[in-house]
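Right, one structure below, let's go through it.
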Amino acid sequence: MRINLANILTLFRIAAIPVVVLCFYSPLPDARPIAAIIFGIAAVTDLIDGWVARRFGQTSRFGEFLDPVADKLMVAIVLVMLVQADSGWFEDIIAMIIIGREITISALREWMATIGERANVKVSMAGKIKTTLQMFGIAFMVYHNPFLGIDIYLLGFVLLLVAAVMTIWSMFFYLKAAWPFMKDDVIDTKSPK
């Protein structure tokens, strides 16, 4: 395995997670805005690492594995922190939808890979938009404090709500693409032997 710039950016995203957690829970003034800025910088590397990998021919199996892991770790860990710190039933439901979808689609992609059909559930444009909305929404909710008279937390909440709707919508399309490969097994197990 060769470490290249694209992989370094992805590894940076993973390394930023404990720093975000420490800042988030720090008693220092402006700890949450600092955590949000670090989260935002790490989130931007998600856009950059893919571009770098394609532009400079740095795609690798390691990078293809690590990139979605880094994204899912960032989103899940910070969502759990937000639910713990700013818990409300609506925030809880959004976090459950997003984390539940990530687990479902990861399992679906793994299963599709085992039958040689992973290309049918590759990342779509809707999935990329959903991820962008999630990252902005989470960063704004972590920031928490008003900024120039704007309720940043509420703006983040609205973005995350839209991301949750897109999460369900994109999951439907992934499941629809996979259904032709699943339906025979579902029908076979129900039919009498």
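The values are calculated or read from the model by the stated rules, or taken from the named source; none is laboratory data. Remember, predicted model here, so these are calculated numbers, not experimental data. We place every Cβ from the backbone using ideal geometry, glycine too, and count neighbours over all the protein chains shown.
Just a few scattered comments:
- Any chance A53 is crowded, with 19+ Cβ neighbours inside 10 Å, small (G, A, S) and within 13 Å of the chain's Cα centre (by Cα): no
A quick yes/no check of all residues on (1) out of contact with any His (no Cβ under 6 Å at 6 or more places or on another chain); (2) more than 18 Å from A36 (Cα to Cα); (3) in contact (Cβ under 8 Å) with a residue 24 or more places away in the chain; (4) not in a helix (DSSP H, G or I):
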| position | (1), (2), (3), (4) |
| --- | --- |
| R54 | yes, yes, no, no |
| G57 | yes, yes, no, yes |
| V78 | yes, no, yes, no |
| Q84 | yes, no, no, no |
| I103 | yes, yes, no, no |
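- Residue in the stretch 25-42 that is in contact with an Asp or Glu (Cβ under 9 Å, 6 or more places away or on another chain) and part of a helix (DSSP H, G or I) present: no
- Failed condition for G63, given (1) of a type in the set (G, A, S); (2) in a helix (DSSP H, G or I); (3) more than 28 Å from L5 (Cα to Cα); (4) modelled with pLDDT under 85: (3)
- Where a residue in the stretch 111-124 is closer than 17 Å to V69 by Cβ and modelled with pLDDT under 70 and its partner, wherever it lies, is surrounded by 12 or more Cβ atoms within 10 Å (Cβ to Cβ) and of a type in the set (D, E, K, R), with Cβ under 8 Å and at least six apart: R118/R109; V121/R109
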